[in-house]
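This report concerns only the one structure given below.
The values are calculated or read from the model by the stated rules, or taken from the named source; none is laboratory data. Being a predicted model, the structure only gives us computed values, none of them experimental. Reconstructed Cβ throughout: ideal geometry from the backbone, glycine too, with neighbour counts over all protein chains shown. Note: areas computed on protein heavy atoms with side chains; ligands, DNA, RNA excluded. Shrake-Rupley method; radii C 1.70, N 1.55, O 1.52, S 1.80 Å.
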Amino acid sequence: MKFFLPILATAVWCFSFGRYSAPTNDIIASQNFQPTSTDLFEKDDILKIKLSGNIKQLFSDRGDNPKYHPLVLNYVGDDGKDVSIPLKAKTRGNFRRQRENCTYPPILLNFQKITSAGSMFEDQDKTKLVMPCGDKEFIVREYLVYKLYNLITPKSFRARMVNVNFYDSEKKKETDLYSILLEEDKQMAKRNKTKILESKNIQGEQTETETFLKMAVFQYMIGNTDWSVPFLHNIRIIAFDSLSIPSVVPYDFDHSGIVNAPYALPPEQLELRSTQERRFRGYCITDWKTMDEVIKTFQRLKPDVYNLYASNEMLSAKYKKSTAKFLDDFYETIDDPKKMRSEFSYPCRKDIPKITIKGLGND
């Protein structure tokens, strides 16, 4: 059963409505990418920055049309000198922008090349700053999901953990928060030698097969059902051009079971009790051979997956233990062919209604 119903809009894709496997692969894309010396996402250490300005005014501007507010970003360069970059910022997002959901709204940092030239932010334009929503460990958990998907494929968003000192120049007040800087859409696409496509109503079956299945299995792995390809909900679509087969790239994982945020709930249509329950939301698989290499990828990366969490010093021992168990359940499923087919055949079932999840919009 295909769980998305929308009919493909006026055709711009010159391919059949069947599934497609692109001749190139993720390894080639990864080898072709060489980070520059100023690449913000080249390192994994926590970056310390300071954002100064009228922070209270910025955080309070949470309406439907938030305005940009002037800020100054400071950090210490490799040479030990202070780097100062004027910029403007505004609140962004949907769920987490609402005051009743999160204390701190997500922020969009808008850089200018003339002021950021020569700094580690010189290639940035409009960069998302993912703010904590609750205890700081939840932002670390979300950050690790991005790092986890980086292991699976370079067709993924890179992330950098930052320790931000927000200095309110009006109130003379400082607030230190851990946050995440996300690679920009266009940068991610360029790194993969593609472009961002804004077309909606593209079905999963019409995207590159291996990349889609990796994404769908990954979403199952982390217990995330809060995504939609045809509605571009927490999904970006990339392609070489308008005539090429597109690929899917997921983001925004705070509603996943592996993050286990207290506010996160699965979509009501799926009738799941919590995000700790998994549901495979790919399309109906008719040729199981297409899953062979996908499953092997997750099996091969198993030690790296567990180590990503076990080695992180910012996570509590309790969370590490529960996450190991959560991952154990996933690997027990994919290591058992019968169990795996039973779980991943959910979209083929005829006894359940077709489900469309639009979400709240991109966050």
Under 5 Å between amide hydrogens, which residues at least 5 positions from H233 or on another chain qualify, with H placed 1.01 Å from N in the peptide plane?
S228
Counting alpha carbon pairs within less than 8 Å and at least 6 residues apart, what relative contact order, in whole percent, applies to the chain?
20
Once you charge only the Cβ atoms, +1 for Lys and Arg and -1 for Asp and Glu, what is the size of the charge dipole of the stretch 116-160 about its Cα centre, to the nearest 20 debye?
160
So what J values fall out for the stretch 82-98 if you push phi through Karplus, 6.51 cos²θ - 1.76 cosθ + 1.60 with θ = phi - 60°, rounded to Hz, Gly and Pro as x?
6, 10, 10, 10, x, 7, 10, 9, 8, 6, 8, x, 10, 4, 6, 7, 6
Cα gyration tensor, the stretch 111-225 - rounded (a/c under 1.5), prolate or oblate
oblate
Would you please name the chymotrypsin sites (Phe, Trp or Tyr not before Pro) within the stretch 37-139 that are DSSP coil residues with at most 15 other C-beta atoms within 10 Å of their C-beta?
Y68
How large is the accessible surface per residue of the stretch 36-142, computed with a 1.4 Å probe and reported in Å² as a whole number?
50
Taking the Cα centre of the chain as the origin, how large is its charge dipole in debye, to the nearest 20, when only Lys and Arg (+1) and Asp and Glu (-1) carry charge on their Cβ atoms?
580
How much net charge surrounds I55 when only the other residues with a Cβ under 10 Å from the Cβ of I55 are counted, with Lys and Arg +1 and Asp and Glu -1?
0
What does the charge count around T175 come to, taking other residues whose C-beta lies under 13 Å from its C-beta (Lys +1, Arg +1, Asp -1, Glu -1)?
+3
Long-range amide H contacts for F253: which residues qualify at under 5 Å (H placed 1.01 Å from N, peptide plane, sequence gap of 5 or more or a different chain)?
none
Per-residue ellipticity at 222 nm attributable to helices in the chain (runs of n ≥ 4 DSSP H, -39500 (n - 2.57) apiece, nearest 500 deg cm²/dmol) works out to -8000 deg cm²/dmol
Using the Karplus equation 6.51 cos²θ - 1.76 cosθ + 1.60 (θ = phi - 60°), what ³J(HN,Hα) coupling, rounded to whole Hz, does each residue of the stretch 259-266 give in order, writing x for Gly and Pro?
7, 6, 5, x, 8, 7, 9, x
Does the stretch 92-171 classify as rounded, prolate or oblate by the C-alpha gyration tensor (a ≥ b ≥ c root eigenvalues; a/c under 1.5 gives rounded; else a/b over b/c gives prolate, otherwise oblate)?
oblate
Determine the sum of side-chain charges near N165: Lys and Arg each +1, Asp and Glu each -1, restricted to other residues whose C-beta is under 9 angstrom from that of N165.
0
In degrees from 0 to 90, rounded to the nearest 10, what is the angle of the helix 209-222 Cα long axis to the longest principal axis of the chain?
70
Can you run phi through the Karplus equation (6.51, -1.76, 1.60; θ = phi - 60°) for the stretch 47-61 and list ³J(HN,Hα) in whole Hz, with x for Gly and Pro?
8, 9, 9, 10, 10, 10, x, 7, 5, 4, 5, 4, 5, 7, 7
Per the C-alpha gyration tensor (a ≥ b ≥ c, the square roots of its eigenvalues), the stretch 237-363 is rounded if a/c is under 1.5, else prolate if a/b beats b/c, else oblate; here it's rounded
Give me the percent relative contact order of the stretch 117-192, please, defined on Cα pairs under 8 angstrom at least 6 residues apart.
36
For the stretch 49-96, the dipole about the Cα centre with charges only on Cβ (Lys and Arg +1, Asp and Glu -1), to the nearest 20 debye, works out at 300
